[in-house]
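Let me begin by presenting the structure, written as structure tokens, before commenting on it.
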Amino acid sequence: MNTKEDQWLYTISSKRPLIDLNFKEIWRYRDLLFLFVKRDVITVYKQTLLGPLWYFIQPLFTAVIFTLIFNNLANIPTGNGVPSFLFNLAGITMWNYFKECLTGTSSTFVKNQNIFGKVYFPRVIMPMSTVISNLIKFGIQLLIFIAFYIYYVFFQEATVAPQTMVLLFPFLVIIMGLLGLGLGMIISSLTTKYRDLTFLVQFGVQLLMYASAVMYPLTYFKEKLPEYAGFIEYNPITVIIEAFRYVTLGEGQFSMGYLAYAVGVSVVIFLFGLVVFNRTEKQFIDTV
């Protein structure tokens, strides 16, 4: 009789550290990750008439509406020489990435309960695939922003210019993705018990947009409503959107202190979301 303990290639156990992203296992399942990314990109508009054109239509129509209502009708300024449409398109481009990451990951457990109940794979792959697939959509919308940026600079002679801090742009995108992923994992974990959150997410996201300086400059809000400016100023989404406008348009409030604050909040929310997500995945199939 062989008393030597068997040596297993892989061990699947519910016992794991609270903060455990497990990059090694995720790399082992990278083919599945890319498969989910491909599924998210292809199936969203698979049976629509316009298909991927919605990636272009949505930000353009939103920017036009914001320009007509907030800038032309409400006379909200956008800064010296900054075209209103380009100002709004910059905010919408960054905001859409956060919104899609948040809404896409906030229903991870509920939407994929059939898959989770049949086969094992690192559950965190599912929200990660949403963030990566939304990065592709973000890239398409960024090309729209760049196209209009070139148009306004060379044909409309707009006084906008990228700053040297534009090198921070990839870093801003990563932080925005971390923030959306962290909040999405928290909400996804809570919806396994409280389905009402599913209905509140869309409504809450709309309210959050108005509190994130998407369609107005932070300086204007601080001038008009200084007593409430703190809620907007210390919103990490506001910090990232204002930083993006500063590095691309030369207009917006930017400082390394505010950016460090946004990074700290985003990392804390992401780590907390990871802890909640890891704890929920152990028993969610019994409550979902």
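Can you find a residue that is at pLDDT 90 or above, in contact with a Phe, Trp or Tyr (Cβ under 9 Å, 6 or more places away or on another chain) and part of a helix (DSSP H, G or I) anywhere in segment 280-288?
No, because not a single residue in segment 280-288 is at pLDDT 90 or above, in contact with a Phe, Trp or Tyr (Cβ under 9 Å, 6 or more places away or on another chain) and part of a helix (DSSP H, G or I).
Would you please name the residue that is surrounded by the fewest Cβ atoms within 10 Å (Cβ to Cβ), looking only at residues in segment 99-123 that are among the small types (Gly, Ala, Ser) and more than 12 Å from the chain's Cα centre (by Cα)?
Gly117
Consider only pairs whose beta carbons are under 9 Å apart and that are at least six residues apart or on different chains; among these, list those whose first residue lies in segment 105-122 and is at negative phi and whose second residue is assigned to a helix (DSSP H, G or I) and among the acidic types (Asp, Glu).
Phe121/Glu25; Pro122/Glu25
I'd like the full set of residues that are farther than 30 Å from Val124 by Cβ, β-branched (Val, Ile, Thr) and either touching a strand residue (DSSP E or B) at 6+ places or on another chain (Cβ under 7 Å) or touching a residue at least 60 places away in the same chain (Cβ under 8 Å) (or both), limited to segment 152-187.
Thr159, Val160, Val166, listed by residue number.
Give the residues of segment 104-124 that are part of a helix (DSSP H, G or I) and farther than 13 Å from Asp40 by Cα, sorted by residue number.
Result: Phe109, Val110, Gln113, Asn114, Ile115, Phe116.
How about segment 250-262: which of its residues are more than 14 Å from the chain's Cα centre (by Cα) and closer than 17 Å to Ser212 by Cβ?
Answer for segment 250-262, where residues must be more than 14 Å from the chain's Cα centre (by Cα) and closer than 17 Å to Ser212 by Cβ: Glu251, Gly252, Gln253, Phe254, Tyr258, Leu259, Tyr261.
Does Tyr246 qualify as being out of contact with any Cys (no Cβ under 9 Å at 6 or more places or on another chain), of a type in the set (Ser, Thr, Tyr) and not in a helix (DSSP H, G or I)?
Considered against the rule, which asks whether it is out of contact with any Cys (no Cβ under 9 Å at 6 or more places or on another chain), of a type in the set (Ser, Thr, Tyr) and not in a helix (DSSP H, G or I), Tyr246 comes out as no.
Would you confirm, using the coordinates I've provided, whether Gly264 is touching a residue at least 24 places away in the same chain (Cβ under 8 Å) and out of contact with any helix residue (DSSP H, G or I) (no Cβ under 7 Å at 6 or more places or on another chain)?
No; evaluated as a whole, the condition is false for this residue.
If you scan segment 167-223, which residues turn out to be small (Gly, Ala, Ser) and more than 14 Å from the chain's Cα centre (by Cα)?
The answer is Ser188, Ser189, Gly204, Ala211, Ala213.
Is it the case that some residue within segment 113-132 is at pLDDT 85 or above and among the hydroxyl-bearing types (Ser, Thr, Tyr)?
yes
Of everything in segment 166-200 that's in contact with a helix residue (DSSP H, G or I) (Cβ under 6 Å, 6 or more places away or on another chain) and in a loop (DSSP other than H, G, I, E, B), which residue is farthest from Tyr97 (Cα to Cα)?
Looking at residues that are in contact with a helix residue (DSSP H, G or I) (Cβ under 6 Å, 6 or more places away or on another chain) and in a loop (DSSP other than H, G, I, E, B), I get Lys193.
For every residue, the table says whether it meets (1) over 24 Å from Phe70 (Cα atoms); (2) among the aromatic types (Phe, Trp, Tyr).
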residue	(1), (2)
Val124	yes, no
Ile140	yes, no
Ala161	no, no
Val173	yes, no
Gly180	yes, no
Tyr210	no, yes
Val214	no, no
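Limited to segment 136-150, what total is found for residues that are over 30 Å from Phe23 (Cα atoms) and surrounded by 14 or more Cβ atoms within 10 Å (Cβ to Cβ)?
Residues meeting the conditions: 4.
Hey, does segment 124-135 have a residue that's surrounded by 12 or more Cβ atoms within 10 Å (Cβ to Cβ), over 21 Å from Leu178 (Cβ atoms) and polar (S, T, N, Q)?
No, the conditions are met nowhere in segment 124-135.
The values are calculated or read from the model by the stated rules, or taken from the named source; none is laboratory data. This one's a predicted model, so the numbers in the text were calculated from it and none came from an experiment. Note that each Cβ is placed from the backbone with ideal geometry, even for glycine, and that neighbours are counted across all protein chains shown.
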